[in-house]
1. Which one of these is farther than 30 Å from residue 14 by Cα and among the β-branched types (Val, Ile, Thr): 116, 54?
2. How many of the residues in the stretch 263-277 are assigned to a loop (DSSP other than H, G, I, E, B) and within 20 Å of residue 289 (Cβ to Cβ)?
3. Give me the pairs: first residue in the stretch 124-135 and polar (S, T, N, Q) and open to solvent by less than 90 Å² (accessible area, probe 1.4 Å), second residue assigned to a helix (DSSP H, G or I) and modelled with pLDDT of 90 or more, beta-carbon distance under 8 Å, and six or more apart or on different chains, which are they?
4. Suppose the filter is part of a helix (DSSP H, G or I), at pLDDT 85 or above, touching a strand residue (DSSP E or B) at 6+ places or on another chain (Cβ under 6 Å) and open to solvent by less than 40 Å² (accessible area, probe 1.4 Å); does residue 302 pass it?
5. So which of 183, 246, 241 ends up being open to solvent by less than 30 Å² (accessible area, probe 1.4 Å) and either in a loop (DSSP other than H, G, I, E, B) or under 27 Å from residue 306 (Cα atoms) (or both)?
6. Any chance you could count how many residues in the stretch 91-113 are at pLDDT below 90 and either open to solvent by 50 Å² or more (accessible area, probe 1.4 Å) or out of contact with any helix residue (DSSP H, G or I) (no Cβ under 8 Å at 6 or more places or on another chain) (or both)?
7. Pull out all pairs, ordered by first then second residue, where Cβ-Cβ is under 9 Å, the residues are six or more apart or on different chains, the first lies in the stretch 306-321 and is under 18 Å from residue 87 (Cβ atoms), and the second is part of a strand (DSSP E or B) and at pLDDT 85 or above.
8. Report yes if residue 151 is basic (Lys, Arg) and more than 24 Å from residue 235 (Cα to Cα), otherwise no.
Amino acid sequence: DVGVDFKINLLWFEASDAGNFIQRLGRLGRHDSYVKDGQEVKFSEFMAYALIPTFVVERLFKGESPPLEVDKAYERPYFQNQVKENYRRINDFSGYYSRWGAVQSMAICRDLGHKTIRQQYAESQQKFKDICEEIFHTSLKKVYGRSQDWREEWQALSGKEKGNPILEEAVSFRGSSPLQCGLYDITEAYEGDRFKTYDLSGILSNLEVKMMTEAAFMRKLQETAEHIGEPIPKGRFQHCLAFLQLNAYREERLNWKFTYVGKLQPIMDAWKVQVLVGLQIWQPSNYWIGDINKRLKQRGLVCYVIRRPVAEVQMRLRLPMHFEITRFPTTPASTTTRHPTPSRSDNRRY
């Protein structure tokens, strides 16, 4: 749960595959200094300890001609290639691009046809459309028709005239989470670094927090920006589920799970990406979970639900260790959905 906001020079991390190893290690060295007692302090060195299987160590450092030697420096590209070649390979999700890449391209193409820029970019729009249809082997017109079906399904489900959660998530370049929360971190020494975003799953498991109103959060942000004389971007907090104040980090993870009062059978039988409304969080030792559930039950969550145990899904699809996946303990049947995992070790059938 170490994000890019954390200024660190010492890291312990675990990894179950090459991509996860490289991604976790990449958290180290993003900042060359930190603030202590109002003063900037430079890091003198960076160090990481990786918790990895023995076979990886043997492949990298042992044998007749190992690719790596102890106490020797290596350029980043060479090191990453050796990790990729000698570690467990995960699913490359090649099918994702043909199925969902065209959705993102369709949205861009439509943006180029907006009335304010249509005339200026008419030629570029047509070229972009032709290239995309050639690459994805589909018609962007058909993709647009699919997106309209999603919109109609969402309107029927929610009773709202606006919004299209599946399309909105598909066209997001960096990915987004409807469970993202704004966090005011009082453990940060420097005031300007206290305003962060954090996913609800990590908050429920690892943090001691208390609820804030959006108005109080934004007021504190504005006061801090004026006090330190530096602007603090507000855009990333625009669609947050809730706003909380981080008081401390838990010594042990706290368990939680999703609950759903509706019938999952027709959702599982559909075999497609859908939007669920009415999900709740079960965490009885959490006094503020009721406030979260009031907001969560109104929010549409994009997911894919199947009737398989978590361990089987992870193994058969060769998913990375931290792939967003969790369990629904609400029906006798086994169900799994793409959402943050409350426990990486619990693979019971649900």
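1. Exactly one residue qualifies, and that residue is 116.
2. Residues of the stretch 263-277 that are assigned to a loop (DSSP other than H, G, I, E, B), as a first pass: 263-264, 271-273, 277.
Next cut, within 20 Å of residue 289 (Cβ to Cβ) only: 277.
Qualifying residue count for the region: 1.
3. Close Cβ pairs (under 8 Å, with a partner that is assigned to a helix (DSSP H, G or I) and modelled with pLDDT of 90 or more) amount to 124/112; 125/109; 125/112.
4. no
5. 241
6. Residues flagged as at pLDDT below 90 and either open to solvent by 50 Å² or more (accessible area, probe 1.4 Å) or out of contact with any helix residue (DSSP H, G or I) (no Cβ under 8 Å at 6 or more places or on another chain) (or both) within the stretch 91-113 amount to 9.
7. So the pair list comes out as 321/14.
8. Numbers: basic (Lys, Arg): yes; more than 24 Å from residue 235 (Cα to Cα): yes.
The answer is yes for residue 151.
The values are calculated or read from the model by the stated rules, or taken from the named source; none is laboratory data. If you're wondering where the values come from, they're calculated on a predicted model, not measured in any experiment. Counting neighbours? That spans all protein chains shown, and the Cβs are built from the backbone with ideal geometry, glycine included. Just the protein is used for accessible areas: all its heavy atoms, side chains included, with ligands, DNA and RNA removed. Shrake-Rupley method; radii C 1.70, N 1.55, O 1.52, S 1.80 Å.
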